[in-house]
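Here is the structure we will look at, set down as structure tokens.
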Amino acid sequence: MRILTLRCGVGDMPLLPGRRDLAFLDDVAKQVLPHDDVPTPDEIAKGKEVPHLGAPQLAPQRPSKAVRVIVVGPDASLAAVATHLMRRNLLWFEVAHVPTAPSPAARNWGLVGDSDSAGAGEFGLSMADAETRPVRPVPLIRDDTGQAIVGFALLTEPGIEGTSSRGGLRGEVWVDSGELFSGVSHGVQVRALPDAPGLVAAELPPPPGQRRGLFRTKLSDDDGLADMAGNPRTLHEPLTGRAVQAGGPGFRYVRDGVETKKPREKTTIYRHLLDLQLVR
């Protein structure tokens, strides 16, 4: 096995590596797999029948030597590397993550370090875990701009800094054919799942501690929620599915802690046709 360790944010490797920073991975791929005859996602999508996306599958490629990329850094670094592998059709690479900060991705996928191993990771796998554990594939979540999401995506009212604001998010969010909300919400989080169908979307509660009225009555989590007609409603239960579609007059969009420069009016987040060959 060939192990490549990317220490993101250290030396010449940026915290969010891009195409040029990761171009050497393309060269490694050509060395161990000169000809890849496995259909690409584009070729699969053009076929008469797109296969059902069930349980995550091991990659069918058989390189002369397995390649394992160990990403040392926060979730945003892992997402940047996964994005490159996805765009370059290199998702047959094995990928391990050694978080350097609290990691929603590690929680999503149950990445717990071995407390008995030297250097066990505080937030997930240790380096020893990353080098020795086997691959157990997980669904890869992406959005319509071609960006991978490993931890979660956040949709909120524009201009805020937290994870929600009372009644601040306006629009609608659907998960497959199910409506999460249509009208007014506090905020929405979309997380990756370790198995089919691939993702879960959940309405977020409002910021804590808000009160109203002369006697400062504590507001409930449902205060401020409304449907399209303005009628009060309650928080919807989380919905699992393969795809999330969101639209509205403008919302703040954050992927793995990285906020887009401008508010979005729509986005689609969905399971990629190929799975991430995750070490866990």
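The values are calculated or read from the model by the stated rules, or taken from the named source; none is laboratory data. Computed from a predicted structure; not experimentally measured. Heads up, the Cβs are rebuilt from the backbone with ideal geometry, glycines too, and the neighbour counts pull from every protein chain shown.
Observations
- Residue within region 139-155 that is crowded, with 17+ Cβ neighbours inside 10 Å, modelled with pLDDT under 95 and either touching a strand residue (DSSP E or B) at 6+ places or on another chain (Cβ under 7 Å) or of a type outside the set (Gly, Ala, Ser) (or both) present: no
- All of Gly110, Gly162, Gly213, Gly121 fail the test of being buried (at least 23 other Cβ atoms within 10 Å of the Cβ) and modelled with pLDDT under 95, apart from Gly121.
- In this structure, Gly168 does satisfy being more than 27 Å from Thr83 (Cα to Cα), of a type in the set (Gly, Ala, Ser) and in contact with a His (Cβ under 7 Å, 6 or more places away or on another chain).
- Members of region 134-191 that are in a strand (DSSP E or B), among the polar types (S, T, N, Q) and touching a residue at least 40 places away in the same chain (Cβ under 8 Å): Thr156, Ser182, Ser185
- Residues of region 237-252 satisfying the condition of being in contact with a Gly (Cβ under 9 Å, 6 or more places away or on another chain), surrounded by 14 or more Cβ atoms within 10 Å (Cβ to Cβ) and closer than 21 Å to Ser165 by Cβ: Ala246, Gly247, Gly248, Gly250, Phe251, Arg252
- Region 88-107 - residue that is within 15 Å of Leu273 (Cα to Cα) and either under 12 Å from the mean Cα position of the chain (by Cα) or in contact (Cβ under 8 Å) with a residue 60 or more places away in the chain (or both) and, of those, surrounded by the fewest Cβ atoms within 10 Å (Cβ to Cβ): Arg88
- Some residue of region 108-116 being in contact with a helix residue (DSSP H, G or I) (Cβ under 8 Å, 6 or more places away or on another chain) and aromatic (Phe, Trp, Tyr): no
- One residue stands out among those in region 231-276 that are in a strand (DSSP E or B) and touching a helix residue (DSSP H, G or I) at 6+ places or on another chain (Cβ under 9 Å): the one that is nearest to Gly146 (Cα to Cα), which is Arg255.
- Test for Gly9: is it surrounded by 14 or more Cβ atoms within 10 Å (Cβ to Cβ), on the phi > 0 side of the Ramachandran plot and touching a helix residue (DSSP H, G or I) at 6+ places or on another chain (Cβ under 8 Å): yes
- When residues of region 12-36 are limited to those that are touching a helix residue (DSSP H, G or I) at 6+ places or on another chain (Cβ under 8 Å) and surrounded by 17 or more Cβ atoms within 10 Å (Cβ to Cβ), the one farthest from His84 (Cα to Cα): Leu16
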